[in-house]
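For reference, the structure discussed in these notes is given below.
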Amino acid sequence: MERGNLFIISAPSGAGKTTILKRVLAAMERVVFSVSHTTRPPRPGEQNGVDYHFVDRETFKAMAQQGTFLEWAEVHGNLYGTSSRVVADVTGEGQDIILDIDIQGARQVKERQGVKGIFVFIAPPSLRVLQERLAGRATETAASIATRLSNAREEMQSIGNYDYVIVNDTLERAVEVLQSIIIAERSRNRRGLAGEPLRLVF
Ligand code: ADP
Ligand code: 5GP
């Protein structure tokens, strides 16, 4: 069986990554979200094992030391990491997996020998729109919005390391582009549009 693809998706905070991913994951078959481990406390509504595996710093450090993570990084003061085993198991079953990780983590995956990732960057149409979306989401303080905006300028400098860039202007269009990328990569990978193995009998 052909292996599934490994998609790495990064975006400045507030660019719309979570919104786009939820839609794509609900609409497509054979694509799985990689649930990261983090030391960040859960936000209201977040579920352990669904949004993240929430662990304390000591546990996280021990896991990192044992080589549990394909990549890990400190982002906005908290540790985040991706389980190597889950990525290997899901792609080994012929399913695609999506990693929602920051630019440091993406760089680590890119540098890993023997790991082939497809790197997608989601950009806001402008910094002004990004600011409006962060303010509109009403989850951040003014100080946190300012930090995220200044980080966004820096993150945008990494765009050259990604295979695809999606500008999230209208949500429907951004969702369509990400689905198209997943489908195109499946075709490259000798699989059908729904990610199924091709049975070509001649
Ligand atoms: P991220 O996961 O990248 O931090 P979110 O998905 O939480 O970002 O989106 C930030 C805010 O912007 C949310 O309130 C969301 O509803 C809104 N949003 C996302 N995409 C669009 C879009 N294309 N047009 C308008 N608002 C959007
Ligand atoms: P949040 O705390 O808002 O959910 O995520 C903050 C940032 O951490 C986002 O940029 C997100 O992509 C990133 N992130 C989430 N999980 C991981 C992970 O496993 N590894 C890395 N490197 N970054 C992650």
On a 0 to 90° scale, report how tilted helix 127-137 is relative to the longest principal axis of the chain, with both axes built from alpha carbons and the result rounded to the nearest 10. 80 degrees
Projecting each Cα onto the charge dipole of the stretch 71-202 (Lys/Arg +1, Asp/Glu -1 at the beta carbon, about the Cα centre), which of Val109, Leu198, Val177 comes out farthest on the positive side? Leu198
Dipole of the stretch 111-202, Cα-centred, from +1 at each Lys and Arg C-beta and -1 at each Asp and Glu C-beta, to the nearest 20 debye? 340 debye
Determine the sum of side-chain charges near Leu134: Lys and Arg each +1, Asp and Glu each -1, restricted to other residues whose C-beta is under 12 angstrom from that of Leu134. +2
Relative to the longest principal Cα axis of the chain, at what angle does helix 17-27 sit, 0 to 90 degrees, rounded to 10? 30 degrees
Could you calculate the FRET efficiency of Asn161 with Val201 from 1/(1 + (r/R0)^6), where r is the beta carbon distance between them and R0 is 25 Å, rounded to 0.05? 0.05
Consider a paramagnetic label point 7 Å from the Cα of His76 along Cα→Cβ; state which residues of the stretch 143-171 have an amide N under 20 Å from it. 143-159, 168
Cα→Cβ-extended label distance, 7 Å offset, between Gln47 and Arg137, nm: 2.1 nm
Amide H neighbours of Glu71 at under 5 Å, excluding residues fewer than 5 places away on the same chain, with H built from the backbone geometry, are Thr82
Cβ-placed point charges (K, R +1; D, E -1), dipole of the chain about Cα centre in debye, nearest 20: 240 debye
Quick one: helix 171-188 against the long Cα principal axis of the chain, what's the angle to the nearest 10°, folded into 0 to 90? 40 degrees
Can you run phi through the Karplus equation (6.51, -1.76, 1.60; θ = phi - 60°) for the stretch 46-58 and list ³J(HN,Hα) in whole Hz, with x for Gly and Pro? 7, 10, 5, x, 10, 7, 8, 9, 8, 9, 7, 4, 5
Note down the relative contact order for the chain as a percent, whole number, built from C-alpha pairs under 8 angstrom at least six residues apart. 32 percent
Helix-only [θ]222 nm of the chain, DSSP H runs n ≥ 4, -39500 (n - 2.57) each, per residue, nearest 500: -12500 deg cm²/dmol
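All of the numbers you see were taken from the coordinates with simple rules; none came from a lab. Everything quoted here is computed from the prediction, not taken from an experiment. Cβ: placed from backbone, ideal geometry, glycine included. Neighbour counts: every protein chain shown.
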